[in-house]
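Worksheet for the structure shown next.
Read-outs: derived from the displayed coordinates by stated rules, not from any lab. Only a predicted model underlies this, so the values are computations on that prediction, with no experimental measurement involved. Here the Cβ positions follow ideal geometry from the backbone for every residue, glycine too, while neighbour counts run over all protein chains shown.
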Amino acid sequence: MFEQTFKNIDDILHKDAGCGSELDYVEQTSWILFLKYLDDLEKDRATAAELTGKSYTPIIDKEYQWSVWAMPKITSPNGGGREEVLDHHNALTGDDLTDFVNNKLFPYLKKFKLSAESADTIEYKIGEIFSELKNRIQSGYNLREVINRIDELRFRTHAEKHEMSHLYEDKIKNMGNAGRNGGEYYTPRPLITTIVKVVDPKIGDKIYDGAVGSAGFLCEAFSYLNKPGLSTKDWETLQKRTFYGKEKKSLAYIIGIMNMIFHGVEAPNIIHTNTLAENLADIQEKDRYDVVLANPPFGGKERAEVQQNFPIKTGETASLFLQHFIKILKAGGRAGVVIKNTFLSNTDSATVAIRKTLLENCNLHTVLDLPGGTFTGAGVKTVVLFFEKGKPTQKVWFYQLNLDRNLGKTNPLNENDLADFVALQKTFADSDNSWTVNVANIDQNTFDLSVKNPNKKEVVRLRLPHDILEEMKALDEESAEILEAIKSLI
């Protein structure tokens, strides 16, 4: 049911002059979805208060409530019964609707950031979201159609919220496939699930992603910890004192908050800030975390003033993030971090110094080497570093993921692909795809950790006669063209 609604919304936004891409569709769907979610949340809270004989004061003032400005309804006869339908006389549309949204609704919702009691409240998140966003839907008639569609969605039962979280995740995935650095928004879910399994967070751990993007790691960690039979105290710990993130880009920040809300975290501790603008020297014990899960952006070139915040200066964004993660982990803290595979072998002085720091200050116990195509649309090959802070590395266990197919948009990574890695990693067992390197035996000047599988037998693939003939034909045609070109010059 929900899936068709999302498709219909995209079709409407596709016609609107203010929305030019999948990224705009997600952004604009998100703020309207959020207000519908908020309306259902308020209804649930009012019902719960009524059952205990208490009164409930709504978060949103009457004229800004969904049922007043977005979907005023009247009861209408329907066959033998009655149903609630849109009150077309009182429902805003066209310019009246866009004027109300742009000039009244958004300014009203922005103010919550100033009036909220603290940053870990839903009120504060309302203020933050509407401070960062603006309505890009130019046609009030298109906006009316989208609102009507979103009103069909429900967030009341666990099953509805579960379906919504999956659909929202699919939208983020599509956005990730839409180019414009989409990989920043989406890390393949099977990879995240596997990283969370290996790091194995516990209730009471403070879990952090300093490049939170669409919050895939935090959502998956929440699902991993949110087991049936949790005590009220554990539930409150998961809601308020477990998941922390930072995000620099406005759209990713909004999507990260929305994604966590749909997965069941009511007021996510995600801050809109540039993580790398913080000076490493200023990080104190109270700022540290038990677990880091992250896929920081690769390849960006950070400005000189940002590099000044780090003991090892480099323009490579991922290398700065890695320094940040090492520093912000508590002693004994665990991490799973995705990074370009060239980090293991690059010989520039900054990368060598960071590798040395990592090996000396942390136990880099596992490196997962991923095949090309793991990240749709991104040409880079990546590895996952698993490490624990507080003791130096003596041995590194490598696992090279060798698949019998090419990964891509229509053939993505799945959890079964990684099952062998998860099973062998528990005991750091050797296999055709895994081996252990003693740090004492690597080059002590470069600390090169290149992935060189000593157990992999080179397979000589014999080409089919048909392929050989096709190539000969192509070469003959190419030779004929060259000869013709030479003749014309003589």
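Each residue in Val291, Val68 was given a count of other beta-carbon atoms within 10 angstrom of its own, and listing them fewest first yields Val68, Val291. Pairs of Cα atoms in the range 161-287 fall into 10 Å distance bins, from 0 up to the last occupied one, in shares of 12, 43, 35, 9, 0 percent. Projected label points at Leu167 and Asp287, each 7 Å from Cα along the beta carbon direction, are separated by 4.1 nanometres. For the range 258-299, the dipole from Cβ point charges (+1 on Lys and Arg, -1 on Asp and Glu) about the Cα centre works out to 100 debye, to the nearest 20.
In terms of distances greater than 23 angstrom between alpha carbons, the cross-link table entries Lys301/Lys452; Lys356/Lys391; Lys161/Lys286 yield Lys301/Lys452; Lys161/Lys286. Restricting attention to the chain, close to 60% of DSSP beta bridges with both partner residues there are antiparallel.
What the phi angles of the range 359-365 give under the Karplus curve with 6.51, -1.76 and 1.60, with θ = phi - 60°, is a coupling list of 5, 7, 9, 9, 8, 7, 7 Hz, glycine and proline written as x.
Here Met71, Met258, Met472 are placed in order of increasing Cβ neighbour count within 10 Å, fewest first, which gives Met472, Met71, Met258. Here the range 2-155 is assigned +1 on the Cβ of each Lys and Arg and -1 on the Cβ of each Asp and Glu. Its dipole about the Cα centre then comes out at about 260 debye.
Looking at the chain, identify the longest residue range that excludes and avoids all GluC sites (Glu not before Pro) in DSSP loops having at most 14 other Cβ atoms within 10 Å.
Formally, the longest exposed-site-free interval is 267-457.
Net charge in the neighbourhood of Asn8 (other residues with Cβ under 11 Å of its Cβ; Lys, Arg +1, Asp, Glu -1) is -3. For the listed peptides 308-314, 323-329, a ranking on the average number of other beta carbons within 10 Å per residue, highest first, reads 323-329, 308-314. In the chain, taking the dipole from charged Cβ atoms about the Cα centre, the farthest positive-side position among Phe387, Asn174, Ile283 is held by Ile283. Values [x] 23.8, 83; [y] 26.6, 100; [z] 29.6, 95 are given for comparison; Rg and Dmax of the Cα atoms in Å, derived from the coordinates here, is the one labelled [y].
Legend: residue pairs Lys36/Lys227; Lys15/Lys240; Lys125/Lys227; Lys113/Lys313; Lys73/Lys249, Cα-Cα distance threshold 30 Å; pairs beyond threshold, Lys15/Lys240; Lys113/Lys313; Lys73/Lys249. Fewest neighbouring Cβ atoms within 10 Å first, the residues Arg156, Arg189 line up as Arg156, Arg189.
For the range 344-450, applying the loop criterion from DSSP together with a ceiling of 10 other beta carbons within 10 Å to the trypsin sites (Lys or Arg not before Pro) yields Arg405, Lys409, Lys426. Which of rounded, prolate or oblate describes the range 407-451 when judged by the alpha-carbon gyration tensor and an a/c cut-off of 1.5? Note, shape of the range 407-451 comes out oblate.
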